[in-house]
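Written below as structure tokens is the structure these notes are about.
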Amino acid sequence: MRVSASSAEIRSLAYLSRAAQAGQSLPATTASRRQFLAGTATGLGTAALATLLNPRLQAEVSPHFAPSARRVVYLFMHGGPSQIDLFDHKPQLERLHGSELPDSVRGDQRLTGMTANQASFPVTSSAFKFARCGASGASVSELMPKLATVADDICFIRSMHTEAINHDPAVTFLQTGHQQAGRPSLGAWLSYGLGSMNDNLPTFVVLLSRGSAARPDDPLHARLWGPGFLPSNHQGVNFRSADDPVLYLANPPGIDPASRRRMLDGLRSLNRMRFQASGDPEVETRIDQFELAYRMQTAVPELTDFSNETAATLDRYGPDVHTAGSFAANCLLARRMLERDVRFVQLYHRGWDQHYNLPTDLRLQCRDVDRPCAALLMELKQRGLLEDTLVVWGGEFGRTVYSQGKLESNNYGRDHHGRCFTLWLAGGGIKAGISHGATDDFSYNITHNPVHVHDLNATILHCLGLNHERLTFKSRGRQYRLTDVHGNVVRDILA
């Protein structure tokens with residue numbers, strides 16, 4: 001989101017100034033769409049045409065049915081967390097440790113280029129202990145001790161599966177419903193379908209953090225929170241961890257709020273003239289973005305100021321909460337956004353691609369997220385927000401039961417595995433304290449209640465009151481939707 005004027009806009013303002021000084025008449029502007037229609041001889045026809053030209057007018061509607069959630073926080077563990085070492089306990093692997101994975105288990109699965117040529121596929125049990133937690137009895141690794149204390153608020157889906165085996169297409173698939181770039185992200189679809197609940201902050205916000213075990217090649221592309229072919233006002237706004245949270249949000253030296261307001265009023269007049277002439281919906285998007293940015297100049301500094309948080313609250317998130325851009329700080333910031341009715345908050349945490357040194361690196365990654373995740377759930381529940389806030393935690397796929405490379409006595413790695421992985425949900429109309437789906441003794445194949453990526457996204461939309469088959473947008477001659485051409489709501493996990 002940009003606040004400072006471009007050279008073209010400055011030239012336009014200069015034109016207005018020169019025209020006024022010369023006494024030239026300018027085209028009449030419109031203060032609102034209602035005034036524009038009232039002054040048009042064919043008002044109703046123009047309204048219909050505007051709706052056709054501007055899909056935003058017909059798409060931002062009320063939910064299709066009563067929602068159980070009003071907002072979402074999506075905690076995305078980029079890289080593929082190992083389900084075998086975190087949530088899908090397979091104690092029988094201990095006696096099989098080091099033995100060859102049976103061909104009947106692996107079948108004809110497509111492997112990545114990193115392990116396809118291995119001479120051996122040794123079964124690798126987890127190096128970590130598991131315990132059954134709370135009344136639900138969910139199995140949680142020792143790496144997540146704080147999360148284990150709130151397991152009764154969580155629904156674990158142990159039967160997730162995806163079609164992709166490499167990071168970029170897998171992340172893109174989970175976030176946009178398609179492996180190839182160019183489709184709208186989940187947050188953009190929600191913005192398009194439901195609109196904003198807060199006039200002073202973006203509808204869709206993105207926060208990034210780098211894990212303690214982050215790999216050198218661990219990119220995240222802005223298209224993952226982009227609008228695709230939807231109007232551009234539905235894109236996610238990436239809050240930065242350093243300097244200004246949003247680029248160009250602060251007024252430059254010599255510009256006071258009154259001057260900024262006059263400049264924006266001039267730009268709004270020019271843009272409305274342009275919209276009247278062209279009917280281009282992106283012109284209105286520009287007006288909306290400038291006005292939101294102006295309001296954010298006041299709202300964002302207050303949002304990102306933790307000084308009014310109690311010492312007990314800060315301690316709950318852990319010592320990293322004092323480091324801007326850390327996962328802990330982003331979780332606290334996310335809670336503050338949800339309190340202010342930001343519709344969709346997306347947290348990306350890098351570093352979960354453990355092809356090697358898994359016992360060491362996975363411990364570092366879990367130390368980053370365990371305490372903040374538990375704190376976020378506890379705080380949402382204490383503040384009465386969890387009941388209508390959907391929390392999602394997971395990555396783009398899981399990890400293999402066999403070791404990538406040589407299996408050592410105290411070290412191993414795991415390759416990408418899309419056939420099964422674990423993801424968890426909480427709040428927002430999801431049953432608490434349950435586990436859904438199951439995998440075989442090797443955590444390699446799903447044996448019960450498979451959940452496809454499209455099923456997950458259909459369920460998320462359902463919790464927000466949206467029918468995934470009806471939330472569509474016409475582009476390039478056909479209707480598109482987040483779940484492409486299939487997907488079913490996982491009704492067994494709904495409260």
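Readers should treat all values here as calculations from the given coordinates under stated rules, not as data from a laboratory. What you see is a predicted model, and the numbers here were worked out from it, not measured in a lab. Backbone-built Cβ (ideal geometry, glycine too); neighbour counts: all protein chains shown.
For the reader, a short list of remarks on this structure follows.
- Computed E for residue 298/residue 212 - FRET, C-beta separation, R0 35 angstrom, nearest 0.05: 0.50
- Short-range pairs are left out: with C-alpha atoms under 8 Å and at least six residues apart, the relative contact order of region 246-303 is 37 percent.
- Each residue of region 424-431 was assigned a 3J(HN,Hα) from its phi angle through the Karplus curve 6.51 cos²θ - 1.76 cosθ + 1.60 (θ = phi - 60°); the sequence is 10, 10, 8, x, x, x, 9, 4 Hz, with glycine and proline shown as x.
- Those lysines that a straight Cα-Cα span of less than 18 Å connects to residue 90, excepting residues fewer than 8 apart in one chain: 129
- Where the alpha-carbon atoms of the chain are placed on the principal axes, they occupy 90, 51, 42 Å, in descending order.
- Degrees between helix 358-382 axis and first principal axis of the chain (Cα, 0 to 90, nearest 10): 60 degrees
- For residue 112 and residue 323, a Förster radius of 30 Å and the Cβ-Cβ distance give a FRET efficiency of 0.35, rounded to the nearest 0.05.
- With Cα atoms, 0 to 90° folded angle of helix 7-22 axis to the chain main axis: 10 degrees
- Cβ-Cβ FRET estimate between residue 486 and residue 364, R0 fixed at 35 Å, reported to 0.05: 0.40
- Taking each residue as 0.36 nm, the span from residue 306 to residue 431 lengthens on full extension beyond its C-alpha to C-alpha distance by 41.8 nm.
- Between amide H atoms placed 1.01 Å from N, distances below 5 Å from residue 415 occur with 400, 404, all of them 5 or more places distant or on a separate chain.
- Using a cutoff of 8 angstrom between alpha carbon atoms and counting only pairs six or more residues apart, the relative contact order for the chain works out to 28 percent.
- Zero-based 10 Å bins, Cα pair distances in region 193-348, whole percents: 9, 33, 34, 18, 5, 1
- Computed [θ] at 222 nm, helices only, for the chain once each DSSP H run of length n ≥ 4 contributes -39500 (n - 2.57): -10500 deg cm²/dmol
- Where labels lie 7 Å past Cα in the beta-carbon direction, separation of residue 341 and residue 149 in nm: 3.3 nm
- Straightening the chain between residue 244 and residue 268 buys 6.2 nm, computed as 0.36 nm per residue apart minus the Cα-Cα spacing.
- When peptides 128-137, 83-92 are sorted by average Cβ neighbour count within 10 Å, with the highest value leading, the order is 83-92, 128-137.
- Distance between modelled label sites at residue 472 and residue 313, nm, 7 Å Cα→Cβ extension: 4.5 nm
- In a fully extended conformation the segment linking residue 129 and residue 280 would gain 48.5 nm over its present Cα-Cα distance, using 0.36 nm per residue.
- Between 0 and 90°, nearest 10: helix 257-278 axis offset from the chain longest Cα axis: 90 degrees
- Taking only alpha carbon atoms, region 246-303 gives an Rg to Rh ratio of 1.03, where Rh is the Kirkwood radius.
- Within straight-line reach of residue 381, meaning a Cα separation under 21 Å, sit the following lysines at least 8 residues removed in sequence or on another chain: 146, 431.
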